[in-house]
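Novice: Just dropping this structure here.
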Amino acid sequence: YREEAATIVEEWSKVAVAENFMVVCEEKIYLSEYGAKNFAAKLEREIIFGSIFTAAPELIVKTNTAFKKIQQSTALAGVKKNIPNAQVGKIVKALKQAGVWNMTNLVSITRSTNTAIATVAKFLLRKFSRGKKINLDNLWQKLQAAPYGYYNNMTCGYILGFMLRHYADSTFTWNRGDNNPWPLTEKNLAVMIDAMCKGEVVNNYLSPSTKSWRKFKPYVQKIFKLTDEEAVNDIEAHKYISRQCTEKVGVPFWAFKYLPAENFGGVAAKKSAIEIINLLCDFMTETGNQEQLAENICLKLNGNDICKKLTRLYFDRETVCKAFVEFVWLKCAELKKLCEGGGLSEQDIFDEIHRLMQRQISTWTESQVEEKLPKLCITYHAAVDEKIKAAVEKIKTMPAAQLRKKILEVLEENPELYKVFR
């Protein structure tokens, strides 16, 4: 049936090209049109751009050469309001004629007397002002459909860059489907527009950050030394803080609470610091209402010089290890005695706790580490028993003089055994 229908249409169209024919498009009726060539201009003017694509880019820019396929540089030129070549110059001239070239925000562009550009601006403003995630694939599909009719060309890329430039360096981040958000810099915005015009944004979306995160972000960056890319939103911040805690610092953030008061500037300052440390730990472990948590931390940190102190302490390897060891001594006096007796070093304790905990250091809680300390004592005593057995086996068959010499050697290597041979 499809082949037969195609044949019929082909035969009819050949006649219609040269003879009178009637055209019906919804309410529009053309009773007598002679030849397709004569009707083409009317079709374009009254139906395609008059009834269907009433906000098409062709209604803004009239130059045919400005509709070549997009290049990323064209989108970036739109974002920066640059005019790199004559073709772009034609687009800019059209924007100036529409009265939008010098407008400083998208709201102003929505009031343009050029209906085509005002309609697109209103659509984009609705999408970007809701404060919700924007699915870029869906956004592009809507822009391609009526009444917009956008597609892969220079004019569309430049106009989108020109309009969306107001969101460059904003709170939006671009997720390309790989859970690795990009900050919406001018360059990244141009890359995104280029990809969108080429239909390469499946599973891509823009995420707005919350008001509380925007206030909290500077504090997070100062304390944890995060770059703009690492703190582009709370999700990325969590990821990089966790990695930093494990790879650079090596101890949980809460260990600071066990440093002497003088490290914070006195007892009162330490008390205030502990409150902030506890809140920051809840942020790191995503415990509780994160919006409210961020606001509470901002209130605590506002006007407080603790940020610099925490940063200095956190990235001082010797200090943070000391803080962690103090926690261990406080929770398990037996381990402290073993260490003071020379049978166990602080590094031994630290390494064994790492082995017992196994998970990311940033996820360790005080109670979880405390639960492991008795096991560490048992492990240590078992190791001592093995050393004693090994030593006894060595000395069983030795002559007295050699035995005495060997005992001294063993004791020198294992001072914790002095109490056995005393």
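Novice: Any idea what the relative contact order of region 135-270 is, in percent, if you count C-alpha pairs under 8 Å spaced at least 6 apart?
Specialist: Answer for region 135-270 is 22 percent.
Novice: Can you pick out the pairs among 222/337; 132/187; 80/122 whose Cα atoms lie more than 28 Å from each other?
Specialist: Exceeds cut-off: 222/337.
Novice: Once label points are set 7 Å from the Cα along Cα→Cβ at both residue 68 and residue 370, what is their separation, rounded to one decimal in nm?
Specialist: 7.1 nm
Novice: Continuing with the same structure: Give me D for region 1-135 in µm² s⁻¹, whole number, from Stokes-Einstein with Rh from the Kirkwood sum over alpha-carbon pairs, 4 °C and 1.567 mPa s. Please report the intermediate quantities before stating the final value.
Specialist: Numbers: Rh = 18.3 Å.
For the chosen part, D equals 71 µm²/s.
Novice: Starting from the amide H of residue 30, placed 1.01 Å from N in the peptide plane, find each other amide H under 5 Å away whose residue is 5 or more places distant or on another chain.
Specialist: Under 5 Å from the amide H of residue 30: 23, 24, 25.
Novice: Here is a follow-up. Scan around residue 172 for amide H atoms under 5 Å from its own, H built in the peptide plane at 1.01 Å from N, and keep only partners 5 or more places away or cross-chain.
Specialist: Amide H neighbours of residue 172, under 5 Å, 5+ apart: 209.
Novice: Starting from the 7 Å offset along Cα-to-Cβ, what nm value, one decimal, do you get for the label separation of residue 28 and residue 347?
Specialist: Label at residue 28, label at residue 347, 8.3 nm between them.
Novice: Also: Contact order normalised by length for the chain, with contacts defined as Cα pairs under 8 Å and 6 or more residues apart; what percent is it?
Specialist: Relative contact order of the chain: 12 percent.
Novice: Hey, another quick one. Figure the gain on full extension for residue 405 and residue 36 (residue separation times 0.36 nm, minus the Cα-Cα span) and round it to one decimal in nm.
Specialist: So the extension gain works out to 121.5 nm.
Novice: With volume of the Cα convex hull per residue in Å³ as the read-out, I listed (i) 256; (ii) 185; (iii) 170; which label goes with the value calculated from this structure?
Specialist: Label of the calculated value: (i).
Novice: Then there is this: Among 11, 46, 275, which one shows the highest mean-square fluctuation when the chain is modelled as a Gaussian network with alpha-carbon springs under 10 Å?
Specialist: 11
Novice: Cross-link candidates for residue 271: which aspartates and glutamates have Cα within less than 13 Å, leaving aside residues fewer than 8 places away along the same chain?
Specialist: Cross-link targets: 262.
Novice: Calculate for the chain the 222 nm mean residue ellipticity that helices alone would give, adding -39,500 (n - 2.57) per DSSP H run of length 4 or more and normalising by residue count, nearest 500 deg cm²/dmol.
Specialist: Calculated from helices alone, the mean residue ellipticity at 222 nm is -18000 deg cm²/dmol.
Novice: Hey, what's the chain come to in accessible area per residue, 1.4 Å probe, Å²?
Specialist: 55 Å²
Novice: Hey, another quick one. If each residue of separation counts as 0.36 nm, what is the full-extension length gain between residue 130 and residue 357 once their alpha-carbon separation is subtracted?
Specialist: Additional length available on full extension: 77.3 nm.
Novice: Then there's this: Check each of the trypsin sites (Lys or Arg not before Pro) in region 1-83 and keep only those in coil by DSSP with at most 14 other C-beta atoms within 10 angstrom; list them in order. It would help to have the intermediate numbers written out before the result.
Specialist: Numbers: sites: 2, 14, 28, 37, 42, 45, 62, 68, 69, 80, 81; in loops: 62, 68, 69, 81.
Hits after loop and neighbour filter: 62, 68, 69, 81.
Novice: Peptides 52-58, 276-282, 256-262: what's the order by average Cβ count within 10 Å, highest mean first?
Specialist: By packing density, highest mean first, the sequence is 52-58, 276-282, 256-262.
Novice: At a 1.4 Å probe radius, carbon and sulfur cover how many percent of the accessible area of the chain?
Specialist: 51 percent
Novice: Here is a further query. Out of region 147-224, which trypsin sites (Lys or Arg not before Pro) are coil in DSSP terms and have no more than 15 other C-beta atoms within 10 Å?
Specialist: Loop-located and lightly packed - 198.
Novice: Label region 1-73 by shape, choosing from rounded, prolate and oblate, from the square roots a ≥ b ≥ c of the eigenvalues of the Cα gyration tensor; if a/c is under 1.5 it is rounded, and otherwise prolate applies when a/b is larger than b/c, oblate when it is not.
Specialist: Taking the square roots of the gyration eigenvalues as a ≥ b ≥ c, region 1-73 is prolate.
Novice: A further question on this structure: Give the shape of region 242-309 as rounded, prolate or oblate, defined through the alpha-carbon gyration tensor: a ≥ b ≥ c are the square roots of its eigenvalues, a/c under 1.5 means rounded, and otherwise the shape is prolate if a/b is larger than b/c and oblate if not.
Specialist: Note, shape of region 242-309 comes out oblate.
The values are calculated or read from the model by the stated rules, or taken from the named source; none is laboratory data. The model shown is predicted, which means the values in this text are computed figures rather than measured ones. We place every Cβ from the backbone using ideal geometry, glycine too, and count neighbours over all the protein chains shown. Keep in mind that these areas ignore ligands, DNA and RNA; they rest on the heavy atoms of the full protein, side chains included. Shrake-Rupley method; radii C 1.70, N 1.55, O 1.52, S 1.80 Å.
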